[in-house]
Amino acid sequence: MRAVLTAVLLCAVVGGAVCNMQPVAVTNAAAAPAGRCEEITIPMCRGIGYNMTSMPNQLNHESQEEAGMEVHQFWPLVEINCSADLKFFLCSVYTPICIEEYQQPLQACRSVCERARDGCLPVMQRYGFVWPEKMQCDKLPVNGGPELCMAQDVYEQQQGPAAKPTKKPPGGTPGKCKPGSRAKGCEKYAFDGDDCECKCRPPLVAVEKDSVRYNRSGVSVAGVDNCAMPCRGVLFNDEERDFASTWIALWSSICCVTTLMTLTTYTIDTQRFKYPEKPIVFLSGCYLMVSLGYLIRVYAGHDAVACELDGSVKYNASGPTPCTLVFLLLYFFGMASSIWWVILAFTWFLAAGLKWGNEAIASYSQYFHLAAWLIPTVKSLGVLVMSAVDGDTFAGVCYVGNQNPDNLKMFVLAPLIVYLVLGVSFLLGGFVSLFRIRNVIKQQVGRSKADKLEKLMIRIGVFSVMYTVPASVVIGCYYYEARYMPDRIAHSACPCADPDRDTKPVYTMLMLKYFMTLVMGVTSGVWIWSGKTIGSWKRLSRRLFGGGGGGRTSKGGPNPILINPGKQRKQLQYMPAPSVPGSTLPSSHHLAPSSSLHHHIIKQAPLSHV
């Protein structure tokens, strides 16, 4: 496209007074560009009628490299020629013209912006995009007004979409656009163009022949080999990515604090945490490490973790790098947390359904640890051996399956579904047993004992919902990514992407995925939110800052054993010992002489609450 700056630019060079025009006042720019003129290096903006620009531009891009990464997001619209003015208008914004003899900034005329917007906005709306707020046409000067502006040659404008017919698919049965081929009969053209070739076009990054990633498996986009996604992706703007980074940092910090409090409570009062609730402690520890993985990304930065030096996202990452460290923290401990939740549900089932005591459950603790740590270790090693770690263009972390949906299904989606189904099955089995015990207690013991059991059932139910709902949402988000990832990125390489498929992911869904991932760590400590926890922290503060309290009970009163130990021992001789201290279920000493009920209670598991 040949853009000619006619008398308007001549007036700019000679001076505004000669042509009775005033210099343009550029929106968001109080003064003229401070940088010196430099040759335009952005490929899309070369040969548009001027070849010199200056930085920073009015969007505060400090270099042409930074401006080029953003302007190339509009390349598909330029390629389909939805408006003959779009390319010129975009370049006037991202690479503003620089004239040595004219020191004032010069913008495109409002009519240029309006023609570009009116021609391309319908296509953008079809895929869920809107016209950028920072390119509002009403902020630009009017052609022929008191402010100076620039426009294309009239001849160029007449050669726009109205004068340049586009080819349609030939008759007959349409076929699919094949990657790497130039087909004229593509089914349901997404754009009015005749080029259906899939190739590595900007803003995608072509892998150079001297790169270690050249011809490596998995380094491709929409079937185009040796083509990589840019570091920051092509689907979201800077504002959306910045908010996502803040969102992840916020919930990572909250998750880190809450899980750290849970672990500290455990170290203060270790004897209080017994099976079947003890896996909650290890569950919280896993989410503490997951939150640290996200916080490392916040500290190190998006580019340092997820990107290569050539500006593309990481593929087939391996070795001692920040990317590998973040992957291990997120994947290993994320999968371990899911297994600990299954173990938690399993121990509740053993206690409620099979009437196991806490000592019997604790005797198998070594097997619980073996399963919880060995399975994620094997899976993590498998991912690293297969070089399946890649960067996330949205969150800036390293994980498995970000660029390969098959890896996402195999290493993430399938295991999470299995863990969720197992955990829910054990929980339902335990609840059925608790309901049966509750009915027996109400009929033969009394309402007071049944109320205690009901409170325990409510706590277990609330905790189960607060974990299963976020876990289900996360699985749904991963399924969405695995199912629609190829369609989302296809339009970056293939102009003829299918218009019936949503090529822009739901922004709120991605935000929801990271929120639900971290909120599971926050809710893992709900079980310990009780008066006993407050008492444990009070005793710790008294030990640290003085005040004694060693001879007081959890309610703050004097310890009766210290006042009258002989009397207390005498009373304890006639007290029936419950199976577990703190059990919410009654002991056999309080029950009516019913053999069936006595059998239930004697074998009943120690469903203690912490």
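The values are calculated or read from the model by the stated rules, or taken from the named source; none is laboratory data. Keep in mind that this is a model prediction, so the values were computed, not measured. Ideal geometry is used to build each Cβ from the backbone, glycine not excepted, and the neighbour counts take in all protein chains shown.
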Residue in the stretch 133-143 that is modelled with pLDDT of 75 or more and within 24 Å of Pro43 (Cα to Cα) present = yes
TODO: Would you check if Val130 is of a type in the set (Val, Ile, Thr), farther than 29 Å from Ile489 by Cβ, surrounded by fewer than 16 Cβ atoms within 10 Å (Cβ to Cβ) and at pLDDT 80 or above?
DONE: no
Exercise for the section: Tell me, yes or no, whether the stretch 253-262 has at least one residue that is outside the structural domain of Lys134 (by TED's automatic domain parsing), under 24 Å from Ser312 (Cα atoms) and not polar (S, T, N, Q). Expected result: no
Within the stretch 76-92, the residues that are out of contact with any Leu (no Cβ under 7 Å at 6 or more places or on another chain), part of a helix (DSSP H, G or I) and buried (at least 20 other Cβ atoms within 10 Å of the Cβ) are Pro76, Ile80, Lys87, Phe88, Phe89, Leu90, Cys91, Ser92
query: Does Leu408 satisfy the condition of being in the same structural domain as Cys323 (by TED's automatic domain parsing), under 29 Å from Ala222 (Cα atoms) and either among the charged types (D, E, K, R) or in a helix (DSSP H, G or I) (or both)?
result: yes
Does Phe411 satisfy the condition of being within 14 Å of Ser338 (Cα to Cα) and within 19 Å of the chain's Cα centre (by Cα)? yes
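I need the full set of residues from the stretch 232-265 which are of a type in the set (S, T, N, Q) and part of a loop (DSSP other than H, G, I, E, B), in order please. Give the steps one after another, and end with the answer.
Here is the first cut: in the stretch 232-265, the residues of a type in the set (S, T, N, Q) are 237, 245-246, 252-253, 258-259, 262, 264-265.
Selection gives Asn237 alone.
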By residue number, the members of the stretch 94-142 that are aromatic (Phe, Trp, Tyr) and free of Cβ contacts under 8 Å to residues at least 40 places away in the same chain are Trp131
The condition from (1) over 16 Å from the mean Cα position of the chain (by Cα); (2) without any contact (Cβ under 8 Å) to a residue 40 or more places away in the chain that Thr246 misses is numbered (1)
Checked pairs for the stretch 271-299, first basic (Lys, Arg), second part of a loop (DSSP other than H, G, I, E, B) and surrounded by fewer than 22 Cβ atoms within 10 Å (Cβ to Cβ), C-beta under 6 Å and 6 or more apart or across chains, list as Arg272/Val610
